[in-house]
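Peer 1: Can you read through this structure? Questions will come right after.
The values are calculated or read from the model by the stated rules, or taken from the named source; none is laboratory data. The structure presented is a predicted model; accordingly, all values stated were derived computationally and were not measured. Cβ atoms come from the backbone with ideal geometry, glycine included; neighbour counts cover every protein chain shown.
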Amino acid sequence: MNKAETGEGRIQYVSKFMPVLSSIKKEYSKRKPFKGIRIAMALHVEPKTAFLVRTLEAGGAKVAITGCNPLSTQDDVVSALKASGTKVYAKYNQTDKGYYNSLHKILDIKPDVVIDDGSDLISLIHKEREELIPNIRGGCEETTTGITRLKAMLKEKKLRFPVIDVNDANTKHLFDNYYGTGESTLTAILSTTNAMISGKNVVVAGYGYCGSGIAAKAKGLGANVIITEVDPVKALRAKMDGFTVMPMKEAAKIADFIITATGMRDIVTKEHFRVMKDKCFLANAGHFNVEINVEQLEEISKSVEQITPDIKQYNLGNKILFLLADGRLVNLASTKGLGHPMEVMDMSFSLQALCAKYVLENKLPIDIIPVPQQIDNKVAKLKLRAMHIRIDNLSKQQKAYKQAWDIGT
Ligand code: ADE
């Protein structure tokens, strides 16, 4: 099989596990809500994303796509999308310059709608492609890190078109961030290292939706999980969920694995590398490669060796440390990482497909807009139906009880 055939096979395969997005694709094929609409997307270019592209195209959109991380693009998927006529500017292991060139190239289609993951695309539009803004009806942002950046833009009154916070939907962060990140991060670490997790000290930095999902899966595999946090409430939750909580300076001394999932920079730095045990594995699950300070790791190392495409060995003299996927998000940047499971991206990308249509059909204020409740509920209902799960409905009396304030003891 050539690259395009392999990529096409993988897109067809994942589509069979994405029933909600499949039903939206069917509806869009009939109604063509994106007729004459141009959509620029910066998402991880992998099979599930390609199926989102195909869904928008089925609805009549002209789509141009690039990656949102230099190491997460899968070239066979790029070839398959190109073969079926999508404008794709993405390549595995792009340089920074190549990455930003690709972002510019997809913007040359003069988009009506943008879909982003991490907000590099939206930030670039506001910094260097302002001429496109009058034509942009709005955008959708996939991830926590992107929303944090957009909130900073909004605070400085720099945001110039509405963006839907897809991450805020319950059918996104309660599933994708928790179960998706949990499973895909551990799967990628296990298959990249071939190391045993059971019985090991796994330090998870950050106990948000992503970190708590990683911690739960690591515990399920038999690890002794330690959490580091800066948020007192999240730290308490971690403790009451049964985990040990301590500062990174202490945790680093006993860690066999350190996995960062905070969205913050400098979580693991030279003060931590210096106290680590021999052969500790370092992996990041956050969107950007700023959580493990790789520059400092290089600075204090006597030598660095690329052991496999995904593992770098740092020799500090008295010990070696292993960095996975250059400190980029391991579940997608490792060549062994397949991203979140298909079933969970079914919900996230259904939200994207529905929110892109919502942006076009509504005059939205320039703001960060929550996903409308009816879209969130629609995705949940379609998912339950696809899973053949039926649930109860409130009776008339129960609905009335919910509205009443005067009925007490
Ligand atoms: N596959 C495509 N986009 C993804 C994301 N944001 N996280 C994990 N897997 C993905």
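Peer 1: Looking at Leu338, is it away from the ligand (no atom under 15 Å from the Cβ), more than 18 Å from Pro19 (Cα to Cα) and either surrounded by fewer than 20 Cβ atoms within 10 Å (Cβ to Cβ) or at pLDDT 95 or above (or both)? Don't jump to the end; show me each part of the working.
Peer 2: Values: away from the ligand (no atom under 15 Å from the Cβ): no; more than 18 Å from Pro19 (Cα to Cα): yes; either surrounded by fewer than 20 Cβ atoms within 10 Å (Cβ to Cβ) or at pLDDT 95 or above (or both): yes.
Taking the combined requirement at face value, the residue does not satisfy it.
Peer 1: Pull up segment 133-148, narrow it to residues that are buried (at least 18 other Cβ atoms within 10 Å of the Cβ) and outside any loop (DSSP other than H, G, I, E, B), then point me to the one that is farthest from the ligand (Cβ to nearest atom).
Peer 2: Gly138
Peer 1: Which pairs have Cβ atoms under 8 Å, sit 6 or more apart or on different chains, and link a residue in segment 67-96 that is free of Cβ contacts under 8 Å to residues at least 60 places away in the same chain to one that is among the aromatic types (Phe, Trp, Tyr)?
Peer 2: Gly67/Tyr99; Thr73/Tyr92
Peer 1: I'd like the residue in segment 163-174 that is of a type outside the set (D, E, K, R) and out of contact with any Lys or Arg (no Cβ under 9 Å at 6 or more places or on another chain) and, out of all such residues, is nearest to the ligand (Cβ to nearest atom). Lay out the reasoning, then the answer.
Peer 2: So the first thing to find is which residues in segment 163-174 are of a type outside the set (D, E, K, R), and the list is 163-164, 166-167, 169-171, 173-174.
Now restrict to residues that are out of contact with any Lys or Arg (no Cβ under 9 Å at 6 or more places or on another chain): 163-164, 167, 169-170, 173-174.
Working: Val163: 16, Ile164: 15, Asn167: 10, Ala169: 14, Asn170: 17, His173: 12, Leu174: 15 Å.
The residue in question is Asn167.
Peer 1: Taking Arg390 as the residue in question, decide whether it is more than 16 Å from the ligand (Cβ to nearest atom), in a helix (DSSP H, G or I) and not hydrophobic (A, V, I, L, M, F, W, C).
Peer 2: no
Peer 1: Now a separate question. Which of the numbered conditions does Asp406 fail, given that it passes all the others? Conditions: (1) touching a Pro at 6+ places or on another chain (Cβ under 9 Å); (2) surrounded by fewer than 22 Cβ atoms within 10 Å (Cβ to Cβ); (3) of a type in the set (Asp, Glu).
Peer 2: Exception for Asp406: condition (1).
Peer 1: Okay, next question. Among the residues that make up segment 354-370, is at least one of them in contact with a helix residue (DSSP H, G or I) (Cβ under 7 Å, 6 or more places away or on another chain), hydrophobic (A, V, I, L, M, F, W, C) and within 16 Å of the ligand (Cβ to nearest atom)?
Peer 2: yes
Peer 1: Scan Ala255, Ala195, Ala215, Ala238 and give me the residue that is in contact (Cβ under 8 Å) with a residue 40 or more places away in the chain and surrounded by 21 or more Cβ atoms within 10 Å (Cβ to Cβ).
Peer 2: Just one listed residue meets the conditions, Ala255.
Peer 1: Just to verify a result, which residue in segment 215-252, among those that are out of contact with any Phe, Trp or Tyr (no Cβ under 9 Å at 6 or more places or on another chain) and of a type in the set (A, V, I, L, M), is nearest to Asp168 (Cα to Cα)?
Peer 2: Among them, the one singled out is Val233.
Peer 1: Answer yes or no: is there a residue in segment 25-37 that is closer than 19 Å to Leu107 by Cβ, among the hydrophobic types (A, V, I, L, M, F, W, C) and at pLDDT 95 or above. First the steps, then the outcome.
Peer 2: If we filter segment 25-37 for residues that are closer than 19 Å to Leu107 by Cβ, which is where we start, we get 34, 36-37.
Pick out the ones that are also among the hydrophobic types (A, V, I, L, M, F, W, C) and you get 34, 37.
Still in the running and at pLDDT 95 or above: 34, 37.
Yes, because at least one residue in segment 25-37 is closer than 19 Å to Leu107 by Cβ, among the hydrophobic types (A, V, I, L, M, F, W, C) and at pLDDT 95 or above.
Peer 1: If you don't mind, another one. Which residue pairs have Cβ atoms closer than 8 Å, lie 6 or more positions apart in sequence or on different chains, and pair a first residue in segment 37-49 that is near the ligand (Cβ under 8 Å from one of its atoms) with a second residue that is among the hydroxyl-bearing types (Ser, Thr, Tyr) and assigned to a loop (DSSP other than H, G, I, E, B)?
Peer 2: His44/Ser72; His44/Thr73; Glu46/Ser72; Glu46/Thr73
Peer 1: Next question. I'd like the full set of residues that are buried (at least 23 other Cβ atoms within 10 Å of the Cβ) and away from the ligand (no atom under 16 Å from the Cβ), limited to segment 14-27.
Peer 2: Ile24
Peer 1: Considering every residue within segment 31-46, establish whether at least one is charged (D, E, K, R), touching a His at 6+ places or on another chain (Cβ under 9 Å) and under 14 Å from Ser348 (Cβ atoms).
Peer 2: No, that holds for no residue.
Peer 1: If the Cβ limit is 7 Å and pairs must be 6+ apart or interchain, which residue in segment 319-333 that is within 13 Å of the ligand (Cβ to nearest atom) pairs with which residue that is part of a strand (DSSP E or B)?
Peer 2: Pairs that qualify, where the first residue is within 13 Å of the ligand (Cβ to nearest atom) and the partner is part of a strand (DSSP E or B), are Arg328/Asn284; Leu329/Asn284; Val330/Ala283; Val330/Asn284; Val330/Leu324.
Peer 1: Here's another thing I want to ask about it. Look through Leu154, Leu186 and report the one residue that is touching a residue at least 12 places away in the same chain (Cβ under 8 Å) and closer than 28 Å to Leu282 by Cβ.
Peer 2: Just one listed residue meets the conditions, Leu186.
Peer 1: Okay, moving on. Just one of Ser123, Ser84, Ser79 is under 26 Å from Lys363 (Cβ atoms), away from the ligand (no atom under 16 Å from the Cβ), of a type in the set (S, T, N, Q) and surrounded by fewer than 21 Cβ atoms within 10 Å (Cβ to Cβ); which is it?
Peer 2: Ser123
Peer 1: Return yes or no: is Gly263 in contact with a His (Cβ under 9 Å, 6 or more places away or on another chain) and in contact (Cβ under 8 Å) with a residue 40 or more places away in the chain?
Peer 2: Considered against the rule, which asks whether it is in contact with a His (Cβ under 9 Å, 6 or more places away or on another chain) and in contact (Cβ under 8 Å) with a residue 40 or more places away in the chain, Gly263 comes out as yes.
Peer 1: Collect the residues in segment 57-76 that are modelled with pLDDT of 95 or more, of a type outside the set (S, T, N, Q) and within 16 Å of the ligand (Cβ to nearest atom), keeping them in residue-number order.
Peer 2: Within segment 57-76, Val63, Ile65, Gly67, Cys68, Asp75, Asp76 meet the criteria.
Peer 1: Oh, and also: Select, from Glu27, Glu57, Glu5, Glu46, the only residue that is among the acidic types (Asp, Glu) and under 19 Å from the mean Cα position of the chain (by Cα). Break it down into steps so the answer makes sense when it comes.
Peer 2: Details: Glu27 fails: under 19 Å from the mean Cα position of the chain (by Cα); Glu57 fails: under 19 Å from the mean Cα position of the chain (by Cα); Glu5 fails: under 19 Å from the mean Cα position of the chain (by Cα).
Answer to the selection: Glu46.
Peer 1: Does Leu103 satisfy being modelled with pLDDT of 95 or more, in contact with an Asp or Glu (Cβ under 7 Å, 6 or more places away or on another chain) and away from the ligand (no atom under 16 Å from the Cβ)? Explain how you work it out, then say what you get.
Peer 2: Values: modelled with pLDDT of 95 or more: yes; in contact with an Asp or Glu (Cβ under 7 Å, 6 or more places away or on another chain): yes; away from the ligand (no atom under 16 Å from the Cβ): yes.
So Leu103 fits the description; yes.
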